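Read the structure below first, then the notes.
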Amino acid sequence: MHNSEFLSPVQSGTQRGTNRSILNNKKSGKGKKKSVFEAYMTKEEVSAGLKRGELIQGPLRINPKKFHEAYLPSPDGVRDLFIDGVVPRNRALNGDVVVVKLLPQEQWKVLKNDVCEDDDTPGHSTGNKQHALSPHLMKSSAKNPDLIIEAKVDSSAEDGHESALIGCLQKEIKDQDKLGAIEEKTSKQGDPKTFSDDCFQKTAKVVYILEKKHSRAATGFIKPLSDKSSDLARKRALFSPVDHRLPRIYVPLGDCPHDFAIHPETYANTLFICSITAWRDDSNFAEGKLMKSLGQAGEIEPETEGILVEYGVDFSDFPDKVLQCLPQDLPWTIPQEEFQKRKDLRNECIFTIDPATARDLDDALSCKPLPDGNFEVGVHIADVSYFVAEGSALDIMASERATSVYLVQKVIPMLPRLLCEELCSLNPMTDRLTFSVIWKITPQGEILDEWFGRSVICSCVKLSYDHAQNMINHPDKKIEQHELPPVSPQHTINEIHQAVLNLHLIAQNLRKQRFDDGALRLDQLKLTFTLDKESGLPQGCYIYQYRDSNKLVEEFMLLANMAVAHHIYRRFPEEALLRRHPPPQTKMLNDLIEFCDQMGLQLDFTSSGTLHKSLNDQFETDEYSAARKEVLTNMCSRPMQMAVYFCTGALKDETLFHHYALNVPLYTHFTSPIRRFADVIVHRLLAASLGCGPPLKMPKEVIQKQADHCNDRKTASKRVQELSAELFFSVFVKECGPLESEAMVMGVLNEAFDVIVLRFGVQKRIYCNSLPLVNSHFQQVGKRPELTLLWEPEKKGEEPVRQVISIFTLVEVVLKSDNVPLKYTAVLKSPEAQ
């Protein structure tokens, strides 16, 4: 094996037998090349094993911070299955649907809890809990190598990463020799079943990849192989992905720039995209093809393109066959026959409320007072399904994209811009086709009557959230014409103002009733950027404020989604496309409950409603209460599962339809068809149920398959959005840093701790080995994790300064850009400097 191959990140966390053989082969330089990975089972073996219950399938989740750790949802929903290392992961990538086989009980992960805390218990180790909410590893040591690796990855170039990995691998083999002794001791003590089930986490190995969900594309850097004289080095280069969860990849030298072999240093900072084409069972490295050079690492556009490719986002231009599906005679006007089929609402006071920069306006509101003191409230949604014919090239491409992807600087649309920004967008003073839900409703939010149907509207004004908030904040103020965008002459500003106030009143009552009925909201901080118009670089950033105007729109969108969900499920009990939210993972929730008890936090996890109430009642109203709530909200988010689309015919148990966070039995997505394909399907279901559209053609199996795809693309879109924000913030730190801020501790490990930076809402890990410390000491005070830092004194002869770090500790940090592109470090100020 070549030097560079041995240094592959896939070596970390492999099983001890394989590790030792690799090290021995490396030292001796002799022997036949052995298989690193097990051969996959056959389809027939997998099918039989799944039927017998001997095998388990599910989506693979790889820890981005500790890439040798991976998890699979447990069938019982209690505790995820643990896959310890790249070898048992068997070439599967993050997100892949895999089939796993449980390992023998003696190889299960030993956890630390009260039941297990006996000196003779396997895996017992003092003062080494990895995280406030994380389990004890059977093979952990007082100096956890994982944390050292993370520090190297975060702060050093590739050579430092490789050195850390060698140390980790050699250390792990020693630890595994100790583990062998522990296992021997365990076998003498008796069957592990004699311990409580809470002491163990089941471990497994991948035996088959059922579906390759990962795009197999990666962004990263190329470099020559270390042994330049070898035959392999004359034919191939080494591609190192930025994402350490991916293997290193051999790429043909012919794919590289023509002068790469002579001047590789020229490309040290050039970002490339590589596609994995194969990964043999006898190699630690995958094989791949270099697709293209993106440009300089750290620059916004190359990095953005890399993110999009990695997550399989189609950002290509729409092909001609798709564009041919759009109206060709422009400017387009509504055909006269549509007015005969629809409710004509063009004379009503209808308006949109969106972010100021929004161009795809797919929802509008109306609120008309009635003589009896009640209101007629309407939610009017762009009728996208009118333009997207089922089975057309446009329909197929939209279903494949499944969602628009929102980046900091641009949107990758699901539909061509002619639809997104013009024909479907509910632009002011323009006739538009819509699907409406109209209620007769009391001021208290009680629904007296309900109507669904296709309609035509003409929005009278495009309000931003700021405009609506100004109206709410000043109910008695006369809003002047110059304070708003152009308003239709058919409606007065006062009429619009009053409609906003009435909607706000009803929304407040609806919201109160929702939370009284047991809804939960876990708000996460969202960073928003201001960009330079010429360079596109971030000039500033701030935490987005969620205000009453946002809540107003949210309440009526929720109301419409719930109303449509009930309607289509009544009409199509087997084919309705709904959205469910499973309850939190039981074991993670129990761990959190225990942790909160130890921290003295009075949270009630009985239901979503009790959690919401206790979370909001937890803290006083001092200046840091919002920060403490944010830390606690982050903790409460960890056990939560993702909401998913599903077809009702695919789930036989109706109780599984329930939406945990909203605490409602039925929910769907109807209100954003311009940017979500699931909503387009719901529109078709609604039209078919009302007899104002084609009969339903899709069988439940097809709907479920599309639901699964929408779930996958929504997850990818969410991650891309997060990475885009991280990219811009990294550039912001580089351009405008160093940046100082208070920060609050939100997690304590044995050699590091996590903070939330209050000024920007970003989370960052601070490592003890990066600080000028004399020493650090981790301990459990009860079960409360606590890290004591002893700082080097500023002057010789002085005593070290002691600092205790625990959950909710307030510290001061400085965010500084690293030499590595897109990396920035949170530097903890010493107590003397604070």
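Note on the stretch 456-466: residues that are surrounded by fewer than 24 Cβ atoms within 10 Å (Cβ to Cβ) and either more than 36 Å from the chain's Cα centre (by Cα) or without any contact (Cβ under 8 Å) to a residue 40 or more places away in the chain (or both) total 2.
Just the residues that are of a type outside the set (Lys, Arg) and open to solvent by 40 Å² or more (accessible area, probe 1.4 Å), please, taken from the stretch 340-362. Across the stretch 340-362, the qualifying residues are GLN340, ASP344, ASN347, GLU348, PRO355, ALA356, THR357. Applying the criterion of being among the polar types (S, T, N, Q) and not in a loop (DSSP other than H, G, I, E, B) to the residues of the stretch 639-685, the residue that is most open to solvent (accessible area, probe 1.4 Å) is THR655. Residue count for the stretch 275-299, restricted to those that are open to solvent by 20 Å² or more (accessible area, probe 1.4 Å) and among the hydrophobic types (A, V, I, L, M, F, W, C): 5.
Considering each residue of the stretch 363-408, count those that are open to solvent by 10 Å² or more (accessible area, probe 1.4 Å), in contact (Cβ under 8 Å) with a residue 24 or more places away in the chain, of a type in the set (Val, Ile, Thr) and within 24 Å of LEU696 (Cα to Cα), and give that number. Matching residues across the stretch 363-408 total 1. Return yes or no: is PRO821 part of a strand (DSSP E or B) and buried (at least 17 other Cβ atoms within 10 Å of the Cβ)? Considered against the rule, which asks whether it is part of a strand (DSSP E or B) and buried (at least 17 other Cβ atoms within 10 Å of the Cβ), PRO821 comes out as no. Pairs meeting the criteria (first residue in the stretch 188-209 and within 16 Å of LEU81 (Cβ to Cβ) and part of a helix (DSSP H, G or I), second residue modelled with pLDDT of 55 or more and open to solvent by 30 Å² or more (accessible area, probe 1.4 Å), beta carbons under 7 Å, at least 6 apart or on different chains) are lacking.
Scanning the stretch 307-326 for residues that are surrounded by 18 or more Cβ atoms within 10 Å (Cβ to Cβ), under 26 Å from ALA725 (Cβ atoms) and not β-branched (Val, Ile, Thr) turns up LEU308, GLU310, TYR311. Could you tell me whether the stretch 754-771 includes any residue that is of a type outside the set (Val, Ile, Thr), touching a residue at least 24 places away in the same chain (Cβ under 8 Å), open to solvent by less than 70 Å² (accessible area, probe 1.4 Å) and farther than 28 Å from LEU727 by Cβ? Scanning the stretch 754-771, I find no residue that is of a type outside the set (Val, Ile, Thr), touching a residue at least 24 places away in the same chain (Cβ under 8 Å), open to solvent by less than 70 Å² (accessible area, probe 1.4 Å) and farther than 28 Å from LEU727 by Cβ, so the answer is no. Can you find a residue that is open to solvent by 20 Å² or more (accessible area, probe 1.4 Å), closer than 29 Å to LEU433 by Cβ and aliphatic (A, V, I, L, M) anywhere in the stretch 257-274? Checking the stretch 257-274: not a single residue is open to solvent by 20 Å² or more (accessible area, probe 1.4 Å), closer than 29 Å to LEU433 by Cβ and aliphatic (A, V, I, L, M). Screening PHE452 against (1) touching a Ser or Thr at 6+ places or on another chain (Cβ under 8 Å); (2) under 30 Å from PHE728 (Cα atoms) leaves a single unmet condition, (2). Residues of the stretch 603-624 that are open to solvent by 40 Å² or more (accessible area, probe 1.4 Å), in contact with a Ser or Thr (Cβ under 8 Å, 6 or more places away or on another chain) and modelled with pLDDT of 85 or more: ASP604 alone.
Looking at SER689, SER724, can you tell me which residue is polar (S, T, N, Q), at pLDDT 95 or above, open to solvent by less than 10 Å² (accessible area, probe 1.4 Å) and part of a helix (DSSP H, G or I)? On inspection, the qualifying residue turns out to be SER724. Contact map, the stretch 533-551: residues that are over 18 Å from VAL408 (Cβ atoms) paired with residues that are open to solvent by 70 Å² or more (accessible area, probe 1.4 Å) and assigned to a loop (DSSP other than H, G, I, E, B), Cβ distance under 7 Å, separation 6+ or inter-chain. Pairs shown: TYR546/ASP523.
All of PRO831, PRO793 fail the test of being part of a loop (DSSP other than H, G, I, E, B), farther than 18 Å from PRO538 by Cα and in contact (Cβ under 8 Å) with a residue 24 or more places away in the chain, apart from PRO831.
Could you grab me the full set of residues in the stretch 290-325 that are out of contact with any Pro (no Cβ under 8 Å at 6 or more places or on another chain), aliphatic (A, V, I, L, M) and in a loop (DSSP other than H, G, I, E, B)? The one that is out of contact with any Pro (no Cβ under 8 Å at 6 or more places or on another chain), aliphatic (A, V, I, L, M) and in a loop (DSSP other than H, G, I, E, B): VAL313.
The values are calculated or read from the model by the stated rules, or taken from the named source; none is laboratory data. Since the model is a prediction, treat every value here as computed from it, not as a measurement. Note that each Cβ is placed from the backbone with ideal geometry, even for glycine, and that neighbours are counted across all protein chains shown. Quick note on the areas: whole protein, heavy atoms, side chains included, nothing else; ligands and nucleic acids left out. Shrake-Rupley method; radii C 1.70, N 1.55, O 1.52, S 1.80 Å.
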